[in-house]
Amino acid sequence: MHRLIDSLNFNLVIIELDRSKTVFMPRIKKVNLSAATLLGYSEQELINKPLSIFYAPEAIPELQQTVHACLTGTIPAKNLECDIITKANHRIQALVSLSVLPDRDASDTDIVLLIHDISDRKRIDKELFMMHRALEQSASAVVITDTNGSIEYINPKFTELTGYTAQEVLGKNPRILQSGTTTPEQYQAMWETLFSKGEWHGEIRNKKKNGEVYWAYENISAIRNMRGEITHFISVAEDITLRKAAESALSESEERFRQMAELTGEWLWEQDPGGYYIYSSTAVNQILGFRPEEVVGKHYTELLTARDKADQLHYAAVREPFHALTNHYQHKDGHEVLTESTGLPIIGTDGKLIKWRGADRDITAQKHFQDALIDSEKRTRLIIESSINAIVIMDDSGLITDWNHRAEKMFGWSHDEAVGQPLQDLIIPPRFRSAHQKGLEHFLQTGIGPLLNRQFEHAAVRRDGTEFPVELSISPLKLGDTYIFSGFIHDITDRKAAEQQIRQAQVKLAIAQSEIKIARQIQASLLPTASIKSDHFEVTGFCLPANQVGGDYFDYFIRNENRLDMIIADVSGHSIGPALFMVEARSAIRTRATGSETPAETLSLLNKFLYEDLDNSDYFITLFYLQYDISSQQLSFANAGHPPPLLLSPSESECRQLDADGLILGVREHVDFEEKTTTLSQGDLILLYTDGLTEAENIHGEFFGLKRVNDILIQYAQQSPQMIIEVLLEQLKQFCQTESFKDDITLMIFRRG
């Protein structure tokens, strides 16, 4: 018996309780090798020692109450969670199963403790909780779909953005958000990109539940399994409705500006980064005699006179704005036309030149009569009034000379309050003011300013003292012996916040994907890693999860030297929740592995143990339990609503089902399970399976069905159990024309030798 106890791979401790003593402190009577190793002691170091050598002191009162309840017959056994202290003084979170052995002595009682290390399970519970919280608290709308586009998860931000609750969208396709403005071809291109590159991002116009249209910037990424196959897609969406409205307003503003330019008689134009005209207002006809369509496509130097071509050619290669540039054009009829040209480079957020925008005024007749200061003011005013950015103009003494409406909104100072004040006192944070003054003085002395004529990011300060990030460019303009400085300022607070949110979401998503991968590896480690073979029987199994983690479970183990237990179960659903219940069910079954319960008794105990958790979470479990007595060749079994296994005898040409009455776990707290027995003959083959096998559908909507399973089992009955499982899976994949499935698929085969 001692050899048998030491050979067990679970942690067993037998303690002896002296009822004649008033102080409750049992002593260790027997400990197996597995338990001693867990605690860090040798077996001899533990024998006849008080239980407190490894049992946490704070857990002793609960143990005492439980032992008393067991001795008085209130409860036959109980599981307790507590801390176990090793020889190295490390604490281990453990599940202790306690049961009282029948009395042989009126004064002494033997109590069996089965210790199960649940530290990893506790850690996994915490990690899964943190992953779920990260998604639930994301500032972006998150949607997870399967490869067919069916929604399997949304976070609260999705509900806030669209108005749809989880109950309204789970199982449906994201096309419910379509506003009708995106063409089928565009959606097709998006899906092709997703499957080929694994990601897609772009802007899309969708519709909320209440019919309101909104714009979103979506990043969609493929989620792959361990074999690199795409199993799901995750979409992270940012609401950009306000930004799109601003862009639309900008577009309308630009159109109004062009219309005004047509009325003023000034030639408004746009050039690509190479200097070729891409737009020309009709005023070019009045100034140069060309129609707009004759100008578009030409390089700007083609319209200049010979003496200006060489001088002006370098402007195509630079990105600095120019103001009050005098150009000598050649009219279509050959005469020379003088214009005053102003040009501004349009720079994208990536720092690249998008295009040039500018205006030319015909100054041929009036250039000798215009005052230089008036001309400068007109050019400056044109820029200021047409800009969507804050424009601040400063003289060479550092005083503000102009302050547009956008600057009033951005900084909080009115035009009248700002003009005449030192610029550094109004918009520059105190820590940068000294550097600003030194930079201004250095430029006035040397003509060198490293921050001039380029865009850069900096901090600015509002009237209330709050700082915010801006993007600005400063351009000097010389007027006689003095300079003025034009600052074009753009508030990038929202852009910076959005960039930070995207970075945080990407980091959280990567962490979540990594944690799901770890959870799947841990779940796989809980299933049997090898088949059991002996002269009397062979049993093996396989589980193929539909998701990263699944809810199917199978197990087989030797309960004692003469009995084999086999279990197959299916938790409703295919995500992390069902996976946790799978682990809980396995732990409960394994905890009772040394008991003498029959299949029906085991199911009854398991239903009571799991009922409250299942009822609160709206999950349920189907389970089939078999016990095979090796010496008598008798098979006992009970069923909790699971698909009946198939039994094939060599003497029969058809399979028959093994079934017994019993309700699925988690529906009622008290359930009576029917138990049946049958005697197995040599060569008898039993297939246990989950409904993911028979209910798998092909492209025509047909089920794989029980008949196909029956036919395959008969055809390959002489093959090994492992080979039969491989054949079933291969033919299932051929039938469905896929390598992945919507439901978990679990198979287990037993053959009597």
Looking at this structure, is Leu728 in contact with a strand residue (DSSP E or B) (Cβ under 7 Å, 6 or more places away or on another chain), assigned to a helix (DSSP H, G or I) and open to solvent by less than 20 Å² (accessible area, probe 1.4 Å)?
yes
Hey, among the residues in segment 456-490 that are within 21 Å of Asp396 (Cα to Cα) and aliphatic (A, V, I, L, M), which one's surrounded by the fewest Cβ atoms within 10 Å (Cβ to Cβ)?
Leu479
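Within segment 147-160, can one find any residue that is open to solvent by 50 Å² or more (accessible area, probe 1.4 Å) and more than 19 Å from the chain's Cα centre (by Cα)?
Within segment 147-160, the first condition is being open to solvent by 50 Å² or more (accessible area, probe 1.4 Å), and the residues that meet it are 148, 152, 156-157, 160.
Still in the running and more than 19 Å from the chain's Cα centre (by Cα): none.
No - not one qualifying residue is present in segment 147-160.
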Residue check, Met748 against (1) out of contact with any helix residue (DSSP H, G or I) (no Cβ under 9 Å at 6 or more places or on another chain); (2) surrounded by 21 or more Cβ atoms within 10 Å (Cβ to Cβ); (3) hydrophobic (A, V, I, L, M, F, W, C), all met but one. Which one?
(1)
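Which of the residues that make up segment 653-690 are of a type in the set (A, V, I, L, M), in a loop (DSSP other than H, G, I, E, B) and within 47 Å of the chain's Cα centre (by Cα)? Walk me through how you get there before you give the answer.
Narrowing segment 653-690 to residues of a type in the set (A, V, I, L, M): 658, 660, 663-665, 667, 671, 680, 685-688.
Remaining after also requiring in a loop (DSSP other than H, G, I, E, B): 658, 660, 663-664, 667, 671, 680.
The answer is Leu658, Ala660, Leu663, Ile664, Val667, Val671.
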Read through the list (1) in a loop (DSSP other than H, G, I, E, B); (2) open to solvent by less than 60 Å² (accessible area, probe 1.4 Å); (3) touching a residue at least 12 places away in the same chain (Cβ under 8 Å); (4) closer than 30 Å to Ala139 by Cβ, then give the number of the only condition that Asn210 fails.
(2)
Filtering segment 693-725 down to residues that are open to solvent by 90 Å² or more (accessible area, probe 1.4 Å), of a type in the set (Asp, Glu) and either touching a Gly at 6+ places or on another chain (Cβ under 9 Å) or closer than 28 Å to Gly683 by Cα (or both) yields Glu695
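Of Glu385, Glu377, Glu320, which residue is modelled with pLDDT under 85, assigned to a loop (DSSP other than H, G, I, E, B) and under 29 Å from Ala249 (Cβ atoms)?
Working: Glu385 fails: assigned to a loop (DSSP other than H, G, I, E, B); Glu377 fails: assigned to a loop (DSSP other than H, G, I, E, B).
Being modelled with pLDDT under 85, assigned to a loop (DSSP other than H, G, I, E, B) and under 29 Å from Ala249 (Cβ atoms) holds for just one of Glu385, Glu377, Glu320, which is Glu320.
Within segment 613-640, how many residues turn out to be part of a loop (DSSP other than H, G, I, E, B) and open to solvent by less than 40 Å² (accessible area, probe 1.4 Å)? Walk me through it before giving the result.
Looking only at segment 613-640, we keep the residues that are part of a loop (DSSP other than H, G, I, E, B), and these are 618-620, 630-633.
Cutting the leftovers down to open to solvent by less than 40 Å² (accessible area, probe 1.4 Å) gives us 630.
So the answer is 1.
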Answer residue from segment 522-560, given it is modelled with pLDDT under 85 and of a type in the set (S, T, N, Q) and is surrounded by the fewest Cβ atoms within 10 Å (Cβ to Cβ) among those
Thr529
Condition first: without any contact (Cβ under 8 Å) to a residue 60 or more places away in the chain, assigned to a helix (DSSP H, G or I), open to solvent by less than 50 Å² (accessible area, probe 1.4 Å) and under 17 Å from Asp110 (Cα atoms). Can you find one or more residues in segment 19-32 that meet it?
no
Within the group Glu293, Glu336, Glu266, which residue is open to solvent by 20 Å² or more (accessible area, probe 1.4 Å) and modelled with pLDDT under 90?
Glu266
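Quick one: would you say Tyr619 is at pLDDT 85 or above and not β-branched (Val, Ile, Thr)? Outline the logic, then answer.
Values: at pLDDT 85 or above: no; not β-branched (Val, Ile, Thr): yes.
Spelling it out, it is not the case that Tyr619 is at pLDDT 85 or above and not β-branched (Val, Ile, Thr).
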Scope segment 430-448; condition surrounded by 14 or more Cβ atoms within 10 Å (Cβ to Cβ) and either basic (Lys, Arg) or within 18 Å of Thr466 (Cβ to Cβ) (or both); matching residues:
Phe432, Arg433
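State all residues of segment 413-429 that are surrounded by fewer than 17 Cβ atoms within 10 Å (Cβ to Cβ), closer than 22 Å to Thr466 by Cα and not hydrophobic (A, V, I, L, M, F, W, C); if no residue qualifies, say none.
Applying the first criterion (surrounded by fewer than 17 Cβ atoms within 10 Å (Cβ to Cβ)) to segment 413-429 yields 414-417, 419-422, 425, 429.
Going one step further and asking which of them are closer than 22 Å to Thr466 by Cα, we end up with 414-417, 419, 421-422, 425, 429.
Residues satisfying the conditions are Ser414, His415, Asp416, Glu417, Gln421, Pro422, Asp425, Pro429.
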Could you check how many residues of segment 388-411 are modelled with pLDDT of 90 or more, aliphatic (A, V, I, L, M) and closer than 27 Å to Glu247 by Cα?
6
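Could we say that Ala588 is over 35 Å from the mean Cα position of the chain (by Cα), of a type in the set (A, V, I, L, M) and at pLDDT below 90 here? Explain how you work it out, then say what you get.
Working: over 35 Å from the mean Cα position of the chain (by Cα): no; of a type in the set (A, V, I, L, M): yes; at pLDDT below 90: yes.
For Ala588, the condition - over 35 Å from the mean Cα position of the chain (by Cα), of a type in the set (A, V, I, L, M) and at pLDDT below 90 - is not met.
The values are calculated or read from the model by the stated rules, or taken from the named source; none is laboratory data. The structure displayed is predicted, hence computed values, not measured ones. A quick note on method: Cβ atoms are made from the backbone with ideal geometry, for glycine too, and the neighbour counts reach across all protein chains shown. Heads up: the accessible areas ignore ligands, DNA and RNA and are worked out on the full protein's heavy atoms, side chains in. Shrake-Rupley method; radii C 1.70, N 1.55, O 1.52, S 1.80 Å.
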